[in-house]
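What follows is calculated from the coordinates using simple rules that are stated; it is not laboratory data. Please read these numbers as outputs of a predicted model, since none were measured by experiment. Cβ atoms come from the backbone with ideal geometry, glycine included; neighbour counts cover every protein chain shown.
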Amino acid sequence: MTALIILASAVVAFLFFLFFQVWRRYFRPAEVAAAQLIPVDLEAFENLTDPEEVRFLRNHLPPQQFRAIQRTRIHAAKVYVAALSENAGVLVSLGQSARSQPDPEVAAAGVDIVQRAIKLKVWCLFSLLQLNAALLFPARMAPTNGITHRYLLVTYMAANLGAKSAA
Amino acid sequence: MDFQHFIWFYFWIAPHLLLLAVAAFMLRNGLRKGFPVFFSYLIFEFLQFCLLFAVHSYQGVVTPLYAKIDMFCRAGSIAFRFGILQELFESPLADNVPLRRAMARILNLGTAVLVVLALVFVGSLYYSILNDRPFAGYVVIEALNAAQCGVLALVFFWHRFLGLRMSSFAFGIAVGMGLAAGMEPFGQALSVSLPLQYFRIPGLLQMATYHVVVLLWLYFALARERITFDFKAVPLLSVREQAAELGRITHL
């Protein structure tokens, strides 16, 4: 009987999870779904993840101070990557809505944006993992800086959507 | 044939016939291309039903042959369901083969961990009450079903993480799979906990759940994708503002 109670509780919890997914998809108020892009200072982010900057700090600071400063920089970079990841999610939604437009050009651009924004989102995930690893070994690992140009590209494509849909 | 038998046969036969209808609508609406594993699963389920029904009609349910075929078919269904979950997980990355492979490896790792956890969980539950259980294989099947619930949750979290809205049919498949995989371990637990005179109730409950699941798949195979998202309401303005700002930065 104990097994039945435990399994029944697990099943109820899982059914509740499924119900929540259905509710989120069909009954959630529309205004909650429309998110805004978070402003990101990419110049500052590039600076934080620039290997030259890291090399300069390593050469001019004592090891202990370098590690402390590098940890602070990595923490800041993590905040930027998290914001970029959030923005990538908004761009995915934007691309999805464009994908369903009747205009074939806008729809094709929407498909492209979705794919690139998903890639950006996955890159952000891997970058966050790498940054967490770099926090543990700040003297050995430098944070990645490959995200910025991907983000720029998707944002420009999304910005061009407006012009295409208006045309 | 009394009413109870009629209901039992109805819940056994009707969902499997409806599976063919789901497959037909998938073909008609061009969904087969997007979900080839799910389509194969529908055909497999129908064929295994035909086989089991034939054996049942010829020999009866309790023969060793029926039990062997049933076990084999359940194993096949579970393998297919893991394939469908992988299909749902990888669907957002359909156009990017390297990324899809990388994420598939991560999913496989997560699946392996979930299977081990489920085996420990289900094994520990049945260890104390079912030492003389005749079909130890069913415990493994229950554990795999429990693991599938975990993988399905991963699929939902994955789409949520990407900010991606599942297609209507993919969502229907996922919810249906969740109901089927979630209720099976419960049905098995019920079957060993209830007195012998109620032995049909867990089976009926599972078959009724599966019937609901197939109706759900049928509905989503028929339903047209309705986009309620307002394209104009999307924050295009803020995107444009940010793009202009980014342009200013990169031209410095």
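Below is a table of values for the structure above.
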quantity	calculated
Distance from segment B:142-219 to segment A:41-69 (C-alpha centre basis), Å	51
Gain upon complete extension [A:Glu53, A:Thr2; 0.36 nm per residue less C-alpha separation]	12.3 nm
Positive-pole candidate from B:Pro98, B:Phe157, B:Leu179, dipole of segment B:3-224, charges at beta carbon	B:Pro98
Spin-label pair B:Phe161/B:Arg101, simplified geometry with 7 Å Cα→Cβ offset, distance in nm	2.1
Dimensions (Å) - segment A:36-166, Cα atoms, principal axes, largest first	61, 21, 20
Peptide ranges B:68-79, A:106-117 listed from the most packed, as the mean C-beta count within 10 angstrom indicates	A:106-117, B:68-79
Distance between modelled label sites at A:Phe16 and A:Leu129, nm, 7 Å Cα→Cβ extension	3.1
Segment B:3-224, dipole about Cα centre (Lys/Arg Cβ +1, Asp/Glu Cβ -1), debye to the nearest 20	500
Cβ-Cβ FRET estimate between B:Phe53 and A:Arg24, R0 fixed at 56 Å, reported to 0.05	0.90
DSSP H segments from chain A that extend 27 Å or more along their own axis, Cα-based, with Kyte-Doolittle mean of -1.0 or above	A:2-26, A:63-99, A:104-136, A:148-166
